[in-house]
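Here the structure is laid out as structure tokens; the discussion comes afterwards.
Where a number appears in this text, it was derived from the coordinates with a stated rule and is not lab data. All values derive from a computational prediction rather than experimental measurement. Every residue, glycine among them, receives a Cβ derived from its backbone with ideal geometry; neighbour counts consider all protein chains shown.
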Amino acid sequence: ASLDDDAETRTGEPNATTGAVNWTAKDRILIVNTSNWSKWQYELVKGANSAIGEFEPAIGGTGEASSDDPNFGDLIAVYPVSAAYVENNKLSFKINQNWYPEDDPATTDKDEAAEWKKWLEDRGIKSWTKDTQFSFKENDIKVSYKCTPTTTGKDVNSANFKFRQLGAWCKFEFDFSTDETYSREQLLRIAVSTVDGTTNFTGTAEVDLTTDPNNPTLTSSGDGKEIDWTFNSGSNMNIQITRSLMLYPGELSNQRLKIVAETTLHTFTFYATPKQALKAGTVFHFPISLGFQSFGEDEEAAKNSKDLAYTVTDKAQIPFYYYGGTNCYLTMNGQPVTVKCTPYKTDAYYHHTKTDAPDAPAPTWAKVIWYETAMGEPSINNSGNSAAITDNKFTVTVPAGKYGNALVGIYESETSDTPLWSYHIWAPEDDPTLAVDPTNPKAMKLYENTYSGVYTVMPMNLGATKVGIYSGTAKTPADVASAGLWYQWGRKDPLGRLNSWTTTTARAVDVAANAVPDISAYTNSTSFFSNNNDGANNLLNLATLLTEVGYIKEGESQLNVTEIDGKSVDRFMIEKTIANPTKHVNEGGACNQRWTGQLNNYLWGNPKGNEYPRISQTYKSIFDPCPEGYRVPPKDLFINFTFSLPAGATDKTNGWNIDFQDYGSNWSSSIIKTYKGYNFYIKGSRDADGNFPTGDDVRTDFYSMTGLRGTSGSISIWACYIGMWNSVQSSMLRADETTVINPNEAPVSHGFAIRCVKEPNTK
């Protein structure tokens, strides 16, 4: 099957230079016998990324296509397979079709929706989502010319299909990047219609194959008058973004289009009139920017304007309150710390706006939620484990000569069980903020080999009490106290830490609970951070929570709606975790392994998402767990820890940029298990032959084994694993006895350690 030489189609994005459009992996076509309307599915097996593809019967399909016409004139091919209907001796298409329409609140005919779902499942389509290229919001429809064999004889396998595109490919190009406020937002939804609302340009339309088999055409412009597309995840508006739709051609000329763009905080409605007919097989660009004439909220004036115009309205926002300026307080040598808990209101991106919040619940009481038993119980205002708050501040004092971690919460009253906010009190034995000094292994380290800048990095993990040191020929293993605390990505509160690299029970550091919210059974428990014994119950089950409030249907794992009672699902879950700072969120396979229920790149201040942004493009969010003056590291902090294997290399150690010269000859698992971590090069690199770097400027940093808390909250691979979060959702450093990968994809519901970096422009 080949694409037309002179027609631009949308199997994939065209090459910028040649304009060629190619088949992509797993593409499927439907072969239809127009004599008896039999149909067969064929899948691409050869020719991905080229204009000519070889297809074979799809696995689980109905076998090979057959024909009674020796020239195969009664066979026709359709792409994509799931856009076509063959029924009642006719061929029809449905474009811009939502995934399972019974999931759409606007669907009223549930029986019809169920039939559509079965129709898709009969074709092996069970896992595609609304935002994929297979949803026909980002795809085209093509029907082949009359089929002719490439060899003589009745050989269906030699059939050569050439395709003609029937839809008009429309690219809506949004550019809000020039406005500092709007560019912070995300595009969540677009809807396209005409102002009069009577013109058909989408939905289902029949294909005429009888008048001219070499020129298939549409007999109508569809039966739909509006396209409404809510995205699975928002798109950042700080760069130009494109959302493409297929429209049936012919009827939109001189029609005033109405394009609704819903962002995080606003609803924009753009009005524009196409200056040319939307022809089949063509591509149309609709640049949409703030350069249009703005009519504020005057919709009538905008729709009646002869020029490009738009309106913008604010979306009602439920205020989000936070308390104070930092979530972690570092204390050394028993020095008391003053916790500031002034109520503030943030924006939709969780910046430290420090906007006064007179309507926020006022904190009047502070309580110790938990503390490590080895450290001893901290006192609040020198009056025990709870005390009144005065002028939005209170002091916390750790017992002298003791080291460890604690969590303190603030409450509306002395009898409240649910905290308004909570603060991590970190009392390490080694000072993690010593100035950079290459001669001192316990000083902060300078990481210069990154894409985004130079970073000053703490020498220990957040919540650790000692610096992990690789001591060379002495071969002394690191102390478990250097492992640090576990965090689920995007959360501000720690969820325990390793107690031992050798035992198989109670692998979390012992803690004592004072007023753990909603968990009276944990009072004085020493293991509620462990998945052993009673710790298994200290969970928030995401699927259960979202089912209870209607986000997810009973027995299903996908989101049913994106909002309930005015709150997005991620906002709902964030509030749950703030009220339950000791609980691990068990996502249970729901929502793509996100404890937030949906994508939110802003939780740790990285709106660029899965990129390598400059530090100026990120910020310290209100959920950042690091102490004041420090933040969660960028995605590229660990890039010097690996390098590519030379061609033909079989020794995997050549790909690991670690110093194991003094570990001894027994390479592999003995290193990380015996010495409890790896000594990574942060400056200098082994060469392609595996030789170690030399010189006075070679530097290393030791990373201790951290173990992890899995999706279910269980503690595992504690004796052979390093897992470190960065600010990018689902991206982390992974290192064990067989693999070192950075960045590595991981569920955000996992609990990993954090290595804090110094904020820019701080002394």
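Remarks
- Separation of alpha-carbon centers, region 399-414 and region 154-229, rounded to whole Å: 59
- Once backbone amide H atoms are built at 1.01 Å from N, Thr273 has Leu257 as its partners under 5 Å, excluding neighbours fewer than 5 places away on the same chain.
- FRET efficiency, 1/(1 + (r/R0)^6) with R0 30 Å, evaluated for Val436 and Ala688 via beta carbons: 0.50
- Protection-proxy order for peptides 732-744, 80-92, each taking the mean of Cβ atoms within 10 Å per residue, highest first: 732-744, 80-92
- The Thr313 and Gln276 beta-carbon pair, evaluated with R₀ = 41 Å, returns a calculated FRET efficiency of approximately 0.85.
- Spatially, region 231-262 and region 425-489 are offset by 49 Å when compared through their Cα centroids.
- Spin-label model, Arg189/Asp68: points 7 Å from Cα along the beta carbon direction are separated by 5.2 nm.
- Average projection area in nm² (convex hull over Cα atoms of region 389-491, one quarter of hull surface): 10.4
- As a rough guide to protection, the peptides 328-341, 700-713 ranked by mean Cβ packing within 10 Å, highest first, stand as 700-713, 328-341.
- Subtracting the Cα-Cα distance of Ile239 and Glu563 from 0.36 nm times their residue separation leaves 114.1 nm of extension gain.
- For region 546-577 versus region 678-730, the spacing of their alpha-carbon centroids is 36 Å.
- Nonlocal amide H pairs with Ser38, under 5 Å, H built at 1.01 Å: Asn33
- Residues in region 207-218 carry Karplus couplings, in order, of 9, 8, 10, 9, 5, 8, x, 8, 9, x, 9, 8 Hz; the curve used is 6.51 cos²θ - 1.76 cosθ + 1.60 with θ = phi - 60°, and Gly or Pro positions show x.
- Couplings 3J(HN,Hα) of region 266-274, computed from phi: 9, 10, 9, 10, 9, 10, 8, 10, x Hz, in residue order, whole Hz [Karplus 6.51 cos²θ - 1.76 cosθ + 1.60, θ = phi - 60°; x for Gly and Pro].
- Distance between the modelled labels on Val698 and Lys393, one decimal in nanometres: 4.9 nm (7 Å Cα→Cβ projection).
- Inter-label distance, nm, simple model (7 Å from Cα along the C-beta direction), Ser177/Val86: 4.5
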